[in-house]
Amino acid sequence: ELGDRKPKVEKMFGLMDEFLKNDSISLQKDILDHVEFTVARSRFSFDDFEAYQALAHSVRDRLIERWHDTHQYFKKKDPKRIYFLSLEFLMGRSLTNSVTNLGIQDQYADALTQLGFEFEVLAEQEGDAALGNGGLARFAACQMDSLATLDYPAWGYGLRYQYGLFRQIIVDGFQHEQPDFWLNFGNPWEIERVHVSYPVKFYGTVEEEVLNGKKCKIWIPGESVEAVAYDNPIPGYGTRNAINLRLWAAKPSDQYDMESYTTGDYINAIVNRQKAETISNVLYPDDRSYQGKELRLKQQYFFVSASLQDIMRRFKDLHRSFDEFPEKVALQINDTHPSISIAEVMRVLVDEEHLDWSKAWDIACRIFSVTIHAVQPEGLEKIPVDLLGSVLPRHLEIIYEINYRLMEELKKSFGQDYDKLSRMSIIEEGAVKSIRMANLSLACCHTVNGVSRVHLETLKTRVFKDFYALWPQKFQCKTNGVTQRRWIVVSNPSLCSIISKWLGTEAWIRNVDLIAGLREYAKDPDLHTEWKNMKRVNKMRLAEYIETLTSVKVSLDAMFDVQIKRIHEYKRQLLNMLGIIHRYDCIKNMDESDKRRVVPRVCIIGGKAAPGYEVAKKIIKLCHAVADKVNNDPDVGDLLKVVFIPDYNVSVAELVIPGSDLSQHLSTAGHEASGTGCMKFLMNGCLLLATADGSAVEIAEEIGAENMFLFGAKVDEVPALREKGTTLKGSLQFARVVRMVRDGYFGFKDYFKSLCDTVEDGGDFYLLGYDFASYLEAQAAADRAFVDQEKWTQMSILSTAGSGKFSSDRTIEEYAQQSWGIEPCKCPF
Ligand code: KOT
């Protein structure tokens, strides 16, 4: 409230420069000012971390400037906006990405050199923002970068966890989890918005009321928690647009447990209040198993309710009638985790805005679309009815009503086919009666997106077969992509310069289709020289990192063979390990002249296992057990090294990917929805050894199957192979390597027994035995190709040249046009 006081706007403008200046001197001054006044250290005495903090704050100022302008412009133009709701965002570090996208990286590098610092060294001071588990969350981060770069009026919404994904430490070869308290030293990239906050309610009862002669329901909640906004500006590249990622933190509400105060229990009342904060405390680390936990449901509703209040407030600022809502708002839900938002929109429109049910449902159906990342029906989220009824009683009623109407509609198409009706029902009967969040999403969303062509096919023909028969037009393919800004420009600057030099332009950074222009030079000896140098320097950096972490020295002449991703049985890190054991066994049985023909390898594996996932943890231990034996065997020397990189995260990926020669993507066909790691390797000119699964199928189409090493059973062969079950025996070679593990060749005999059982004794659900022979052939083909370095380099160039389709810019354009109906809104100044 300013009362009578009038701000002297003109005077204020006069005092401020139009924009912050980006010349070297101004940047140096700004950094020093932040050292002194933000970090509160003397400018004559500060360390690298403090220098990083000051640097980050000066970058943040520049981000905020553009972000203000963008939002003012969006407000003025009022275009249809896309709201991207995701429970997870895996942003990684922000510094280098921000200065790159702002286009002031050289100026900053220069300013720091003048001050006696090195940009890269300071950038290393930053910790990762790891508010997500894996593919789904990194996909959300890449989407934000593309949305900003392509000038779309977009907002991201999520949760500001105090603890991100656990840190993995390895003790005696076993994974241990430690909390990631990433906010310990402050987070310069976020802006706390204490005044942007909304109450979010839980529990309580539902009562009936008569309003204007009409019966209606009101929810009398039992608990209220405050959601406070933390804004994270996301700058686009080559544009002044910067969009917002708004993350919610839980704070006690003033109304929280008022009773305890009035009964005089002051201390306990305060202690109880603090409990509210637990909602946004910690990220769930199991990425695809649902345990029906109350806290998880509260997290989902908490961020959904706050986001929708924010979205509706923004809409109501400019519009009177919800009739216009679908023209101004598109809501994208990242998997079914935010799908309680469908019931919440219905509750607000019907109970609070007093719209008719059918009108409200029509609006909901026009605004929502969903991306499914799961492949198996078992991967679909279910919430026990009792739990939902207790935490969100009104929402449960609404879901029942949605289901009742859905069933009535289905009966019109399918008559009394009760089997089908029960499969399609949102309510699952059974020992634990549950809500099928995917069916709720399918009933409402106008578009259901699969993340690769193979995946969409699985959704249509298996997972959602019945829904596909009814609503084929809802199902769309939006093959994933990754942002070339982070995965080439930021993480592999030498490759970036080579590409720009040979294409004669930097335009590919915004228009990645141009990268195909490299094909023309795939055989050019000069390009080959530059390409090989780039790879060697990146390998050197990776080798140093490996030595620092694991004390293993590796040869730069060896093929760097990498598998980095979450540890899962279906991703078959075990197949990789068994392949390594086979290689080791072969070397052990060779004479010296045979050994001279062996292509030396450094096998690098990295990834986290969910804390309760025993089999995955055993695979990690096996990596270490094998590494111990192999790396210390004088018969082997540089011919084979095995390295497990601990605590795999986004910044580790940025270091490892540019230094890899070969990358492995071994999922049993039909199990990887898409895979996005493979796209990052592809962009960086690493050759792919992969099954014909997820996006690898499309990669083969783009670069030619002859430029990668494909192996294994095909998607449509897998079910029949499984049928054969116990009669299906792996090769003798397979039996031999499994036996080595069983017999304790690498120690820990009893511990590994159950791991061996998963691929033998009639088990082998993921068909490691069946695929083993073909896997070894693909590995042999990779060895042969590596010997011919000219050929290898050519394949590498063709991989980068063919990676254009896998930019998230393409993915976002498809979403914008086919699902959201939005247009770019470019800030003109
Ligand atoms: C999460 C919950 C249930 C089922 C699956 C998931 C899931 C899937 N989490 N991450 N994913 C991955 O998402 C990526 C982005 O779409 C895909 O590339 C990858 O194949 C999925 O495994």
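Report whether or not residue 459 is closer than 26 Å to residue 675 by Cα and open to solvent by less than 20 Å² (accessible area, probe 1.4 Å).
Yes: the conditions hold for residue 459.
Table: residues versus (1) closer than 22 Å to residue 281 by Cβ; (2) within 16 Å of the ligand (Cβ to nearest atom); (3) at pLDDT 95 or above.
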site: 110; (1), (2), (3): no, no, yes
site: 116; (1), (2), (3): no, no, yes
site: 119; (1), (2), (3): no, no, yes
site: 125; (1), (2), (3): no, no, yes
site: 130; (1), (2), (3): yes, yes, yes
site: 141; (1), (2), (3): yes, yes, yes
site: 149; (1), (2), (3): no, no, yes
site: 163; (1), (2), (3): yes, no, yes
site: 170; (1), (2), (3): no, no, yes
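Collect the residues in the stretch 112-134 that are surrounded by 14 or more Cβ atoms within 10 Å (Cβ to Cβ) and assigned to a helix (DSSP H, G or I), keeping them in residue-number order.
112, 115, 119, 122, 123
Filter the stretch 524-548 down to the residues that are farther than 15 Å from residue 685 by Cβ and not aromatic (Phe, Trp, Tyr) and list them by number.
Correct list: 525, 526, 540, 541, 543, 544, 546, 547, 548.
Got a sec? Which helices (runs of 4 or more DSSP H) wholly within the stretch 247-324 have at least 1 residues that are at pLDDT 95 or above, touching a Pro at 6+ places or on another chain (Cβ under 7 Å) and more than 16 Å from the ligand (Cβ to nearest atom)?
Correct list: 294-318.
Considering only the stretch 662-695, how many residues are open to solvent by 10 Å² or more (accessible area, probe 1.4 Å) and either away from the ligand (no atom under 12 Å from the Cβ) or part of a strand (DSSP E or B) (or both)?
2
In the stretch 356-384, what residues are under 30 Å from residue 670 (Cβ atoms) and away from the ligand (no atom under 16 Å from the Cβ)?
Scanning the stretch 356-384 gives 368, 384.
Out of (1) surrounded by 16 or more Cβ atoms within 10 Å (Cβ to Cβ); (2) not in a helix (DSSP H, G or I), what's the single condition that is false for residue 430?
Residue 430 satisfies every listed condition except (1).
For the stretch 150-186, name all the residues that are part of a loop (DSSP other than H, G, I, E, B) and buried (at least 18 other Cβ atoms within 10 Å of the Cβ).
150, 151, 152, 153, 160, 161, 162, 164, 165, 166, 180, 182, listed by residue number.
Conditions first: (1) over 14 Å from residue 659 (Cβ atoms); (2) touching a residue at least 24 places away in the same chain (Cβ under 8 Å); (3) not in a strand (DSSP E or B). Residue 555 passes all but one, so which condition is the exception?
(1)
Taking only the stretch 50-70 into account, find how many residues are in contact with a Cys (Cβ under 9 Å, 6 or more places away or on another chain) and open to solvent by 10 Å² or more (accessible area, probe 1.4 Å).
Adding up the residues that qualify gives 2.
Among the residues that make up the stretch 699-715, is at least one of them within 16 Å of the ligand (Cβ to nearest atom), open to solvent by 20 Å² or more (accessible area, probe 1.4 Å) and under 16 Å from residue 575 (Cα atoms)?
No, there is no match, as no residue in the stretch 699-715 is within 16 Å of the ligand (Cβ to nearest atom), open to solvent by 20 Å² or more (accessible area, probe 1.4 Å) and under 16 Å from residue 575 (Cα atoms).
Would you pick out the residues in the stretch 700-712 that are out of contact with any Leu (no Cβ under 6 Å at 6 or more places or on another chain) and not charged (D, E, K, R)?
Scanning the stretch 700-712 gives 700, 704, 705, 710, 711, 712.
Tell me which helices (runs of 4 or more DSSP H) are completely within the stretch 1-111 and hold 1 or more residues being more than 29 Å from residue 653 (Cβ to Cβ), more than 26 Å from the chain's Cα centre (by Cα) and not assigned by TED's automatic domain parsing to the domain that holds residue 337, or say none if there are none.
The qualifying helices (runs of 4 or more DSSP H) are 9-15, 24-33, 48-77.
Report whether or not residue 689 is more than 20 Å from residue 496 (Cβ to Cβ) and in contact with a Leu (Cβ under 7 Å, 6 or more places away or on another chain).
Criteria met by residue 689.
Taking the residues in the stretch 462-503 that are under 26 Å from the mean Cα position of the chain (by Cα) and closer than 27 Å to residue 421 by Cα as candidates, determine which candidate is surrounded by the most Cβ atoms within 10 Å (Cβ to Cβ).
464
Name the one entry in 796, 807, 803 that is in contact with a Phe, Trp or Tyr (Cβ under 7 Å, 6 or more places away or on another chain), within 25 Å of residue 138 (Cα to Cα), open to solvent by less than 40 Å² (accessible area, probe 1.4 Å) and not hydrophobic (A, V, I, L, M, F, W, C).
None of the other options fit; the residue is 796.
Inspect the stretch 389-411 for any residue being within 16 Å of the ligand (Cβ to nearest atom), outside any helix (DSSP H, G or I) and either polar (S, T, N, Q) or over 30 Å from residue 714 (Cα atoms) (or both) and give the result as yes or no.
no
Is it the case that some residue within the stretch 341-353 is within 16 Å of the ligand (Cβ to nearest atom), part of a helix (DSSP H, G or I) and open to solvent by less than 10 Å² (accessible area, probe 1.4 Å)?
Looking through the stretch 341-353, none of the residues is within 16 Å of the ligand (Cβ to nearest atom), part of a helix (DSSP H, G or I) and open to solvent by less than 10 Å² (accessible area, probe 1.4 Å).
Got a sec? Which of 210, 225, 200, 196 is in the same structural domain as residue 298 (by TED's automatic domain parsing), of a type outside the set (Asp, Glu) and open to solvent by 40 Å² or more (accessible area, probe 1.4 Å)?
When all the criteria are applied, what remains is 210.
Here is a yes/no grid of residues against (1) of a type in the set (D, E, K, R); (2) out of contact with any Leu (no Cβ under 7 Å at 6 or more places or on another chain):
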position	(1), (2)
20	no, yes
23	yes, yes
29	yes, yes
59	no, no
73	no, yes
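Filter the stretch 752-811 down to the residues that are free of Cβ contacts under 8 Å to residues at least 60 places away in the same chain, part of a loop (DSSP other than H, G, I, E, B) and not charged (D, E, K, R) and list them by number.
762, 763, listed by residue number.
Any residue in the stretch 672-684 that's in the same structural domain as residue 566 (by TED's automatic domain parsing): show its pairings with residues that are near the ligand (Cβ under 8 Å from one of its atoms) and among the aliphatic types (A, V, I, L, M) at Cβ separation under 6 Å, as long as the two are six or more apart or on different chains.
Close Cβ pairs satisfying both conditions: 673/375; 673/451; 674/451.
Residue under question is residue 531, and the condition is that it be within 30 Å of residue 555 (Cα to Cα), open to solvent by less than 40 Å² (accessible area, probe 1.4 Å) and touching a Lys or Arg at 6+ places or on another chain (Cβ under 6 Å); does it hold?
When the stated conditions are applied, residue 531 does not pass them.
Inside the stretch 741-751, can you point out the residues that are part of a helix (DSSP H, G or I) and touching a helix residue (DSSP H, G or I) at 6+ places or on another chain (Cβ under 6 Å)?
741, 742
The values are calculated or read from the model by the stated rules, or taken from the named source; none is laboratory data. Keep in mind it's a predicted model, so treat the numbers as computed, not measured. Note: ideal-geometry Cβ built from the backbone for every residue, glycine included; neighbour counts use all protein chains shown. When the accessible area is computed, the model is the full protein with side chains, heavy atoms only, and any ligands, DNA or RNA have been set aside. Shrake-Rupley method; radii C 1.70, N 1.55, O 1.52, S 1.80 Å.
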